[in-house]
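**Student:** Following this message is one structure expressed as structure tokens.
Just so you know, all these numbers are worked out from the coordinates, no wet-lab data involved. Since the model is a prediction, treat every value here as computed from it, not as a measurement. As a convention, Cβ positions derive from the backbone with ideal geometry for all residues, glycine included, and neighbour counts pool all protein chains shown.
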Amino acid sequence: MICCALGIRGSHFHATRALLRDYVDLRVKAGSVSIINDDEWAALTAEAGVFQNALWDKARRAAEADPSPVPAGMFVQATNDLMTRDPKSERW
């Protein structure tokens, strides 16, 4: 996992992994929500924003801790790809 390559270990590793797992779970849940249900989409979008901000904070901290371009860049790119995955079929 890229977290290990960046030296993210112990509680930081577990916290990052938990954030990723929860964010992916939220994205899966969004797949079962009708796009005409604006209230539920608004709630999911707000919750996704919280996770996205937390994940970007982890990516920023990891890049600051190990500024070498390969592992830090991979983590930042993977974070970006996760958040912008298939924008044509998703509302966020």
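**Student:** Would you mind ranking Lys29, Lys58 so that the residue whose beta carbon has the fewest other beta carbons within 10 Å leads the list?
**Tutor:** On the way: Lys29 12, Lys58 20.
Least to most surrounded, the residues fall as Lys29, Lys58.
**Student:** In addition: Does region 39-84 come out rounded, prolate or oblate, given a ≥ b ≥ c as the square roots of the eigenvalues of its C-alpha gyration tensor, rounded meaning a/c under 1.5 and, failing that, prolate meaning a/b above b/c? Could the numbers behind the result be given before it?
**Tutor:** Working: a/c = 6.91, a/b = 2.54, b/c = 2.72.
Judged from the Cα gyration tensor, region 39-84 comes out oblate (a/c at least 1.5, b/c at or above a/b).
**Student:** Quick one: Ser32, Ser68, fewest Cβ neighbours within 10 Å first, how do they rank? Write out the running numbers ahead of the final one.
**Tutor:** On the way: Ser32 6, Ser68 10.
Ascending Cβ contact count within 10 Å gives the list Ser32, Ser68.
**Student:** Using θ = phi - 60° and the Karplus curve 6.51 cos²θ - 1.76 cosθ + 1.60, what whole-Hz ³J(HN,Hα) does each residue of region 49-59 get, with Gly and Pro shown as x?
**Tutor:** With coefficients 6.51, -1.76 and 1.60, one gets x, 5, 5, 4, 4, 5, 5, 5, 5, 4, 5 Hz.
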